[in-house]
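What follows is calculated from the coordinates using simple rules that are stated; it is not laboratory data. It should be emphasised that the depicted structure is a prediction, and the values quoted were computed from it without experimental measurement. Using ideal geometry, Cβ is built from the backbone for each residue, glycine included, and neighbour counts are taken over all protein chains shown.
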Amino acid sequence: MDGQATGKWRGTASGVVSAPVDRVWELVSATSRLREWMPMVESCTAVAGDEGVPGYVRLVRGGLMFPQQLQQQASSSWVRERLVAMDHASRSYTYLMEDGNVGLAGSRNTISLFDYGGATLVVWSFEMEPVDGANQDALLDYLRILYKSCIDTIPASACC
C-alpha cells in the first residue's frame, strides 16, 4: 500500500493531453485559469503574495468536490492553498492545502508536465496524513479519479 512506511497516504493521477507542453503549462500554472480545467471550481481568489511565487496563497471554492463524510457540514467545498514551489524550467509546481472544509488540510500536491512528442504528459501526485474515519484505498481512488478528470478536461481549454 502506498506510503505505509512513512505513514503518509500517496497517490498519482496522470494523462496525456493532445496539446503542446508550453500551451498546457500556460494554462495549468495560472491561478486565473483554474476554472478552465478544473470543472468543480467555481472561484479562485488570491489571498496573499504574488501568483507564481512560492508563498502565494489562493482560496478555491466549488461545488461538493469531496465525499460528504470529509466535508464539515457544508453545501460547498473550499480550500486555502499555499504555493510551495514553482519551477517554470521543469514545468512543475507544488502546493499545500493549508485549510478547508474538505478534510485534507496538510495535503501536498505536485503537478508536473513533460513533453510527450508534441503532446503533454501531465502527472499529478499527492500525499497526505491519514484521514480519520476514511478508508485509505477509497479516498486515494476518489482523488485519482477527481484529479484525472481535471487532466482530461485540459485538451479543450489548452488549444486556445
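A few remarks follow.
- Normalised contact order of the chain, rounded percent, pairs of Cα under 8 Å and 6 or more residues apart: 29 percent
- Per residue, the convex hull around the alpha carbon atoms of segment 10-152 comes to 96 Å³.
- The chain, dipole about Cα centre (Lys/Arg Cβ +1, Asp/Glu Cβ -1), debye to the nearest 20: 120 debye
- Residues listed by number, segment 20-45, amide nitrogen under 20 Å from TYR116 label point at 7 Å toward C-beta: 20-30, 36-39
- Neighbourhood charge, 10 Å Cβ-Cβ cut-off, centred on GLY49 and excluding it, Lys, Arg +1 and Asp, Glu -1: 0
- At 1.306 mPa s and 10 °C, Stokes D of segment 74-157 from Kirkwood alpha-carbon radius, µm² per second: 111 µm²/s
- Subtracting the Cα-Cα distance of THR153 and VAL123 from 0.36 nm times their residue separation leaves 9.4 nm of extension gain.
- Once backbone amide H atoms are built at 1.01 Å from N, SER77 has GLY62, GLY63, LEU64, MET65 as its partners under 5 Å, excluding neighbours fewer than 5 places away on the same chain.
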